[in-house]
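Below is one structure, written out as structure tokens; comments come after it.
The values are calculated or read from the model by the stated rules, or taken from the named source; none is laboratory data. The structure presented is a predicted model; accordingly, all values stated were derived computationally and were not measured. We place every Cβ from the backbone using ideal geometry, glycine too, and count neighbours over all the protein chains shown.
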Amino acid sequence: IDSFEGSKLRSLPGIHVYTIFMKPTEIQEDILSRISMATSCGGRYLLEVELLITIASIHPWLIKTTKSSSTYFTPEEIHKVDRYKRDFAVGCKARFVIDLLHKSSYRGERVLIFCHNVSPISFLVELIENVFGWRLGEEVLVLQGDQELPVRSDVMDKFNTDSQGKRKVLIASTTACAEGISLTGASRLVMLDSEWNHSKTRQAIARAFRPGQERTVYVYLLVASGTWEEDKYSRNRRKAWMAKMVFHGRYFDVPLRNAVTAIDDGLLKELADEDKTKTFHMIVKQD
């Protein structure tokens, strides 16, 4: 169970955490339903199925990056997704990232994106370069486990000490950002996929929401509606609720999953108002 120093955090500008349930696009729904149908008889999800659902919920092209896709799709079907590689609109989470980057850059805010798997990191770097013309190592920075410690340190320094607004986004592997890493240069944080251990999510959030942060931090936890991700989200909430009671030694009411009636985050409100395709199925704010 993670414990945070309350007095230090209360002195920070503040934090708003939103869980956004996103409706997959038609192409994603077709892919996700195929995977679900193929595994419905087993009663449980294999690790390869978990990976496929996770990456397909970001963007359909990503199924090409895992060998296990050949178990559920024909070579022709896998080849077919090539046509969508540069089209961010066919992936609900990919589209959210692009829209968020556009509005955050306009506001002079930097974005931190966490992803558990490596393939979406490389994909997003290429997608962002195609859409915005931003370059890896300049406007776009990457932090992942296979980097040497001096390289990681250089990436963090570039991101946190940028006073000219050159750095726009840092895409990081969740497993590469352990306790002690500070990424306070970001005021917008996106969790592309969820962890089984809720403390891992809190640890990721604490990379930006920590002493040294000068802005209000906005966190977006993205969940693909109607998929296994919803079940994972519910289990994580229950784990967090039980851990809270153990830590404090008293009972707390079960947290409700109610949609927000008013969005305090001006940027997120803009995205919701502009959501003509109704991709935002529901937005829940964490207390």
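Out of (1) under 28 Å from Lys103 (Cβ atoms); (2) without any contact (Cβ under 8 Å) to a residue 40 or more places away in the chain; (3) surrounded by fewer than 17 Cβ atoms within 10 Å (Cβ to Cβ), the odd one out for Val260 is which?
With (1) under 28 Å from Lys103 (Cβ atoms); (2) without any contact (Cβ under 8 Å) to a residue 40 or more places away in the chain; (3) surrounded by fewer than 17 Cβ atoms within 10 Å (Cβ to Cβ) applied to Val260, the lone miss is (2).
I'd like the residue in the stretch 157-175 that is under 22 Å from Asp193 (Cα atoms) and either among the basic types (Lys, Arg) or out of contact with any strand residue (DSSP E or B) (no Cβ under 6 Å at 6 or more places or on another chain) (or both) and, out of all such residues, is modelled with the lowest pLDDT.
In this case the residue turns out to be Thr175.
Hey, can you tell me all the residues within the stretch 1-27 that are at pLDDT 95 or above and assigned to a loop (DSSP other than H, G, I, E, B)?
Lys23, Pro24, Thr25
Here is a list: Arg207, Arg202. Which entry is closer than 21 Å to Arg10 by Cα, touching a strand residue (DSSP E or B) at 6+ places or on another chain (Cβ under 9 Å) and of a type in the set (D, E, K, R)? Reasoning before the result, please.
Details: Arg202 fails: touching a strand residue (DSSP E or B) at 6+ places or on another chain (Cβ under 9 Å).
From the options Arg207, Arg202, the qualifying one is Arg207.
Mind listing just one residue for me: the one in the stretch 33-51 that is among the hydroxyl-bearing types (Ser, Thr, Tyr) and assigned to a helix (DSSP H, G or I) and, of those, modelled with the highest pLDDT?
Start the filter on the stretch 33-51 by keeping residues that are among the hydroxyl-bearing types (Ser, Thr, Tyr), which leaves 33, 36, 39-40, 45.
This time we only want the ones that are assigned to a helix (DSSP H, G or I), so: 33, 36, 39.
On the way: Ser33: 90, Ser36: 81, Thr39: 66.
Ranking the candidates gives Ser33 first.
Residue check, Leu192 against (1) touching a Pro at 6+ places or on another chain (Cβ under 8 Å); (2) over 18 Å from Val219 (Cα atoms), all met but one. Which one?
Result: Leu192 fails condition (2) only.
Yes or no: Ser182 modelled with pLDDT under 90, over 21 Å from Arg107 (Cβ atoms), part of a loop (DSSP other than H, G, I, E, B) and not basic (Lys, Arg)?
Taking the combined requirement at face value, the residue does not satisfy it.
Sort out which residues of the stretch 53-80 are hydrophobic (A, V, I, L, M, F, W, C), crowded, with 17+ Cβ neighbours inside 10 Å and at pLDDT below 95, and write them in order of number.
Once the filter is applied, which keeps residues that are hydrophobic (A, V, I, L, M, F, W, C), crowded, with 17+ Cβ neighbours inside 10 Å and at pLDDT below 95, the stretch 53-80 yields Ile53, Phe73.
So Glu195 fits all but one of (1) more than 15 Å from Leu9 (Cβ to Cβ); (2) in contact with a strand residue (DSSP E or B) (Cβ under 8 Å, 6 or more places away or on another chain); (3) not hydroxyl-bearing (Ser, Thr, Tyr); what number is the exception?
Tallying (1) more than 15 Å from Leu9 (Cβ to Cβ); (2) in contact with a strand residue (DSSP E or B) (Cβ under 8 Å, 6 or more places away or on another chain); (3) not hydroxyl-bearing (Ser, Thr, Tyr), Glu195 fails exactly one: (2).
Among the residues of the stretch 242-250, is any over 17 Å from the mean Cα position of the chain (by Cα), assigned to a loop (DSSP other than H, G, I, E, B) and either farther than 14 Å from Thr54 by Cβ or modelled with pLDDT under 90 (or both)?
yes
Scan (1) at pLDDT 95 or above; (2) on the phi > 0 side of the Ramachandran plot for the single condition Lys93 breaks and write down its number.
Lys93 satisfies every listed condition except (2).
Could you give me the residue pairs with C-beta distances under 8 Å whose first residue belongs to the stretch 95-124 and is in contact (Cβ under 8 Å) with a residue 12 or more places away in the chain and of a type in the set (Phe, Trp, Tyr), whose second residue is assigned to a helix (DSSP H, G or I) and surrounded by fewer than 18 Cβ atoms within 10 Å (Cβ to Cβ) wherever it lies, and which are 6+ apart or on separate chains?
Close Cβ pairs satisfying both conditions: Phe123/Thr65.
Does Ala272 fit the bill of being free of Cβ contacts under 8 Å to residues at least 60 places away in the same chain, within 30 Å of Asp162 (Cβ to Cβ) and part of a helix (DSSP H, G or I)?
Answer is yes for this residue.
Among the residues of the stretch 123-159, count how many are surrounded by 17 or more Cβ atoms within 10 Å (Cβ to Cβ) and either of a type in the set (Phe, Trp, Tyr) or in a helix (DSSP H, G or I) (or both).
Result for the stretch 123-159: 10.
From the set of residues in the stretch 52-70 that are outside any helix (DSSP H, G or I) and touching a residue at least 60 places away in the same chain (Cβ under 8 Å), which is farthest from the chain's Cα centre (by Cα)?
Among residues in the stretch 52-70 that are outside any helix (DSSP H, G or I) and touching a residue at least 60 places away in the same chain (Cβ under 8 Å), the one farthest from the chain's Cα centre (by Cα) is His59.
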